[in-house]
Amino acid sequence: MNQILPSLFAADLMNLKEECDGLYEEGFQILHVDMMDGNFVPHIAFGPEQIKSIKKQVKMKLDVHMMVSAPEHQIASVLETGAEMISVHYESTPHIRYVIDQIKQHGRKAGVVINPGTDPSLLKPLLNTIDYILIMSINPGRPNQTFITETIDRIREIKALIGSRDIQIEVDGGVDEHIASKCMEAGASMVVIGSYLFADNKAHLKALKNLEK
Ligand code: DX5
Ligand code: ZN
């Protein structure tokens, strides 16, 4: 089944509860939550305490995208939020395997994220332990950027690397419904959408929902 994951970072901060309830009512099942530390990426966004509050209020599952340096120091707090899916950037730590193992030991889905400049073959040592690979289709840290077109080839390359393993591919950044459809054709089953989904709420939202099958 293909899924569209709304990105909370693009939602109206003053109306988060209403926005999230609306998305749930439309049938979206997973909310993508960006965690930014002002170091690995320039911006600062949702930290573990905020994510914990969001988790209590929101009916969707949470997919936390950790854009932080030294995630090994933060993973315990992120696990405490109760998030069902947690992904960590390959580039953010020499201890990637440790962080992934922590996520798995707590019974959550573990993802590894790669930036547009990272060679996918570097993920080989992790393939037997992760549940999903998040392919960044922009340079992480800001919404509303242009989709990097080479991402489609990277999805195919990573799909081949995964082979018969049960690993899902997620794409994040600069996606609209046409690009989402191309990503799905290439092998992605989860597509994160921020600005486009919230831009013209109902019209875009319904078109995107139709892509799920
Ligand atoms: C950016 C974040 C994305 C962002 C996507 O670094 O990881 O999740 O919110 O927003 P759009 O769809 O606007 O690129
Ligand atoms: Zn993200």
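Looking only at the range 75-85, which residues are in a helix (DSSP H, G or I) and within 16 Å of ligand 1 (Cβ to nearest atom)?
Result: VAL78, single match.
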Taking the criterion of being charged (D, E, K, R), modelled with pLDDT of 95 or more and in contact with a strand residue (DSSP E or B) (Cβ under 7 Å, 6 or more places away or on another chain), would at least one residue in the range 59-67 satisfy it?
yes
Helices (runs of 4 or more DSSP H) enclosed by the range 161-213 - at least 2 residues per element that are under 23 Å from ILE130 (Cα atoms) and under 18 Å from the mean Cα position of the chain (by Cα)
177-186
Restricting attention to the range 190-203, which residues are more than 14 Å from ALA11 (Cβ to Cβ) and within 16 Å of ligand 2 (Cβ to nearest atom)?
MET190, VAL191
Just name the residue that is most open to solvent (accessible area, probe 1.4 Å) out of those in the range 94-146 that are part of a loop (DSSP other than H, G, I, E, B), within 16 Å of ligand 2 (Cβ to nearest atom) and touching a strand residue (DSSP E or B) at 6+ places or on another chain (Cβ under 9 Å).
PRO143
Long-range neighbours under 7 Å by Cβ, at least six apart or interchain, first residue within 14 Å of LEU23 (Cβ to Cβ) and open to solvent by less than 60 Å² (accessible area, probe 1.4 Å) within the range 202-213, second at pLDDT below 85 and assigned to a loop (DSSP other than H, G, I, E, B):
none
Go through the range 163-182 and give me each residue that's within 12 Å of ligand 1 (Cβ to nearest atom) and touching a strand residue (DSSP E or B) at 6+ places or on another chain (Cβ under 6 Å).
GLU170, VAL171, ASP172, GLY173, VAL175, ALA180
Given the condition more than 16 Å from LEU31 (Cα to Cα) and within 16 Å of ligand 2 (Cβ to nearest atom), answer yes or no: does some residue in the range 204-213 qualify?
no
Looking only at residues that are part of a helix (DSSP H, G or I) and surrounded by 17 or more Cβ atoms within 10 Å (Cβ to Cβ) in the range 147-156, which one is nearest to ligand 1 (Cβ to nearest atom)?
THR151
Every residue from the range 19-38 that is away from ligand 1 (no atom under 13 Å from the Cβ) and touching a Pro at 6+ places or on another chain (Cβ under 8 Å):
LEU23, PHE28
Options ASP131, ASP172, ASP101; residue that is touching a Lys or Arg at 6+ places or on another chain (Cβ under 9 Å) and of a type in the set (Asp, Glu)
ASP131
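The values are calculated or read from the model by the stated rules, or taken from the named source; none is laboratory data. All values derive from a computational prediction rather than experimental measurement. Don't worry about glycine lacking a Cβ; one is built from the backbone with ideal geometry, like all the others, and counts go over all protein chains shown. With ligands, DNA and RNA removed, areas are computed over all heavy atoms of the protein, side chains included. Shrake-Rupley method; radii C 1.70, N 1.55, O 1.52, S 1.80 Å.
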